[in-house]
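The values are calculated or read from the model by the stated rules, or taken from the named source; none is laboratory data. Fair warning: this is a prediction, and the values are worked out from it, not measured in the lab. Note: ideal-geometry Cβ built from the backbone for every residue, glycine included; neighbour counts use all protein chains shown. Just so you know, the surface numbers come from the protein's heavy atoms only, side chains and all, with ligands and any DNA or RNA stripped out. Shrake-Rupley method; radii C 1.70, N 1.55, O 1.52, S 1.80 Å.
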Amino acid sequence: MAIAQTGTEKVKRGMAEMQKGGVIMDVVNAEQAKIAEEAGATAVMALERVPSDIRKAGGVARMADPTIVQEVLDAVTIPVMAKARIGHIVEARVLEALKVDYIDESEVLTPADDVYHIDKKAFTVPFVCGCRDLGEASRRIGEGAAMLRTKGEPGTGNIVEAVRHMRLVNSQVRKVVGMSKDELMVYAKEIGAPYEILLQIKEAGRLPVVNFAAGGVATPADAALMMELGADGVFVGSGIFKSENPAKFARAIVEATTYYQDYERIAELSKGLGTPMKGIDMGTLDASERMQDRGI
Amino acid sequence: MTVKIGVLALQGAVSEHVKALEKAGAKGYIVKNVEDLNDLDGLILPGGESTTMRRLLDKYRLFEAIQTFSESKPVFGTCAGLILMAKKIEGRKGPHLGLLDIDVRRNAFGRQVDSFEADLNIKHVADHYNGVFIRAPYIKSVGEGVEVLSTYEGNVVACREGRFLTSAFHPELTNDIRMHRYFVGMVEENA
């Protein structure tokens, strides 16, 4: 019998496969984590502040206090994810030492390195990273990301950027699938993608990792829309715990994600949810306020 | 006759199971609603999050429908599916579906950093089978009528009791379809 191998590509990517069709919810304490689990979340993301509050607070946003992460780890049996700053190798190692199940190397936090991302292959814990197009997606996979998500524009309650990113990545995947190998090399150069990753995508006919929607999901219909556009699942950040009735809202998002093409059902579950988060129009955001432009 | 096998599709690794079933000579179907169980010859409860799946099974009224289905049809549970099928779950009051006389421990190998791949021997199925374990459970003990198919470091990781089959690992995450072929055989015998 061969000795067991931990931290392999298969177990890292496989963990994300188990999340498919599910909703991953941002939580800031044990109580919220339990509400999320009760509502049917497939995982929670432990944070110090949800993205809309990070936006309001300004300043440098960092990894959550380990006390919060530990509190959430102890509160639920579903997997727990946590965010590290882009390029912050030590924050990531600390989260790994705490035994979180997935690390989000996230543009929602202030980047620690404005050039390099973390070499994620060097870790046993798997990583999820944001992407806006296939170039970013392929570079993150090349660095070892085992799961992707759209960047969207976090904390805005506006779905337009997540839609743009999901559509672009999927149309570029279709393009790659139809290309010949010589065209592929030039395309790799154009979008700054590793050739080998594009070749894998071409041969498999799909991304080699799961791709979730994130950034701006504010209603059950938003979640269903992202599934319709080909997302494997949904991250909901500020949307849930900034709504009037988080438990009800969370259950509605989960149900809309599973039954995303059952429109009568979505109509029913969308009734009486109260006001969703207010939301921000993209035109009113300064370039410096756009989180999606970080770590590309 | 080609048998029809459903895969519970509330969340988790659904499409992989459907693909593996088709390669193994069955017709694969997605099960999201009670009516989807009509005409099926067998059912797979896939990997995912057992806590989440149970909540959704109750909420969407699939729980009783699957119990009724299992009274005459074969069921195969992988990872989270195994937990749903067990009669005893450590640290939890009462079982979920309670189909198999086994006592299981959830996340028995640890959290995700402890997830692993290992070479297994599986009785009736394969020598040298790559088992992919993700936050996996194991079976602490089995009842009299249960046949142990595979162990890893002394713990039971696959077993069968009559028309029920379970594995703590994920056959759907590899290209090896021998586990699925074995289950398709069980369904064919029962149909």
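Computed values, structure above
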{"quantity": "Residue identified as away from chain B (no Cβ under 13 Å), modelled with pLDDT of 95 or more and more than 26 Å from A:Val163 (Cα to Cα) among A:Asp104, A:Asp74, A:Asp133, A:Asp65", "calculated": "A:Asp65"}
{"quantity": "Answer residue from the stretch B:25-45, given it is free of Cβ contacts under 8 Å to residues at least 60 places away in the same chain and open to solvent by less than 10 Å² (accessible area, probe 1.4 Å) and is nearest to the chain's Cα centre (by Cα) among those", "calculated": "B:Leu45"}
{"quantity": "Matching residues, the stretch B:80-112, being in contact (Cβ under 8 Å) with a residue 12 or more places away in the chain, in a loop (DSSP other than H, G, I, E, B) and more than 14 Å from every other protein chain (Cβ to nearest Cβ)", "calculated": "B:Leu97, B:Gly98, B:Leu99"}
{"quantity": "Which listed residue, of B:Ser141, B:Ser115, is surrounded by fewer than 17 Cβ atoms within 10 Å (Cβ to Cβ) and in contact (Cβ under 8 Å) with a residue 12 or more places away in the chain", "calculated": "B:Ser141"}
{"quantity": "Members of the stretch B:51-78 found to be within 28 Å of B:Gly131 (Cα to Cα), within 14 Å of another protein chain (Cβ to nearest Cβ) and open to solvent by 10 Å² or more (accessible area, probe 1.4 Å), listed by number", "calculated": "B:Thr51, B:Arg54, B:Arg55"}
{"quantity": "Whichever residue in the stretch A:228-254 is in contact (Cβ under 8 Å) with a residue 40 or more places away in the chain, assigned to a helix (DSSP H, G or I) and more than 23 Å from A:Ile54 (Cβ to Cβ) and, among such residues, is farthest from the other protein chains (Cβ to nearest Cβ)", "calculated": "A:Ala247"}
{"quantity": "Residues (surrounded by 15 or more Cβ atoms within 10 Å (Cβ to Cβ) and over 25 Å from A:Glu289 (Cα atoms)) located in the stretch A:180-194", "calculated": "A:Leu184, A:Tyr187, A:Ala188, A:Ala193, A:Pro194"}
{"quantity": "Complete set of residues in the stretch B:113-128 that are farther than 15 Å from B:Asn155 by Cα and more than 7 Å from chain A (Cβ to nearest Cβ)", "calculated": "B:His124, B:Val125, B:Ala126, B:Asp127, B:His128"}
{"quantity": "Set B:Lys32, B:Lys4: member being farther than 27 Å from A:Asn211 by Cα and among the basic types (Lys, Arg)", "calculated": "B:Lys4"}
{"quantity": "In the stretch B:118-138, residue surrounded by the fewest Cβ atoms within 10 Å (Cβ to Cβ) [restricted to those that are in a loop (DSSP other than H, G, I, E, B) and at positive phi]", "calculated": "B:His124"}
{"quantity": "Cβ pairs under 8 Å, 6+ apart, first in the stretch A:159-177 and open to solvent by 50 Å² or more (accessible area, probe 1.4 Å), second not aliphatic (A, V, I, L, M)", "calculated": "A:Val160/A:Glu153; A:Val160/A:Gly216; A:Arg164/A:Arg132; A:Leu168/A:Arg132; A:Leu168/A:Asp133; A:Lys175/A:Tyr187; A:Val177/A:Lys202; A:Val177/A:Gly205"}
{"quantity": "Test: residue in the stretch B:41-50 that is assigned to a loop (DSSP other than H, G, I, E, B) and away from chain A (no Cβ under 14 Å)", "calculated": "yes"}
{"quantity": "Number of the condition not met by A:Arg164 [criteria: (1) within 17 Å of the chain's Cα centre (by Cα); (2) within 14 Å of another protein chain (Cβ to nearest Cβ); (3) closer than 21 Å to A:Ile253 by Cα]", "calculated": "(2)"}
{"quantity": "Among residues of the stretch B:149-190, those that are open to solvent by 60 Å² or more (accessible area, probe 1.4 Å) and touching a Gly at 6+ places or on another chain (Cβ under 8 Å), counted", "calculated": "2"}
{"quantity": "Within the stretch B:2-21, tally of residues that are touching a helix residue (DSSP H, G or I) at 6+ places or on another chain (Cβ under 7 Å) and either within 14 Å of B:Val75 (Cα to Cα) or more than 12 Å from chain A (Cβ to nearest Cβ) (or both)", "calculated": "7"}
{"quantity": "Among (1) touching an Asp or Glu at 6+ places or on another chain (Cβ under 7 Å); (2) within 18 Å of B:Phe76 (Cα to Cα); (3) within 11 Å of chain A (Cβ to nearest Cβ) - the single one B:Ile134 does not satisfy", "calculated": "(1)"}
{"quantity": "Neighbours by Cβ (under 8 Å, 6+ apart or cross-chain): first from the stretch B:55-69, assigned to a helix (DSSP H, G or I); second of a type in the set (Ser, Thr, Tyr)", "calculated": "B:Leu56/A:Thr258"}
{"quantity": "Per-region count, the stretch A:195-213, residues open to solvent by less than 10 Å² (accessible area, probe 1.4 Å) and either over 15 Å from A:Val169 (Cβ atoms) or not in a helix (DSSP H, G or I) (or both)", "calculated": "5"}
{"quantity": "Test: residue in the stretch A:260-276 that is in contact (Cβ under 8 Å) with a residue 60 or more places away in the chain and open to solvent by 10 Å² or more (accessible area, probe 1.4 Å)", "calculated": "yes"}
{"quantity": "Boolean, B:Glu144 is in a helix (DSSP H, G or I), more than 10 Å from chain A (Cβ to nearest Cβ) and of a type outside the set (A, V, I, L, M)", "calculated": "no"}
{"quantity": "Qualifying positions in the stretch B:79-95 - open to solvent by less than 60 Å² (accessible area, probe 1.4 Å) and either at pLDDT below 95 or under 13 Å from the mean Cα position of the chain (by Cα) (or both)", "calculated": "B:Cys79, B:Ala80, B:Gly81, B:Leu82, B:Ile83, B:Leu84, B:Met85, B:Ala86, B:Gly94, B:Pro95"}
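Table: residues versus (1) under 19 Å from A:Thr257 (Cα atoms); (2) touching a helix residue (DSSP H, G or I) at 6+ places or on another chain (Cβ under 9 Å).
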position: B:Lys23; (1), (2): no, yes
position: B:Gly28; (1), (2): no, yes
position: B:Val31; (1), (2): yes, yes
position: B:Val34; (1), (2): yes, yes
position: B:Asn38; (1), (2): no, no
position: B:Pro46; (1), (2): yes, yes
position: B:Thr51; (1), (2): yes, yes
position: B:Leu56; (1), (2): yes, yes
position: B:Leu62; (1), (2): yes, yes
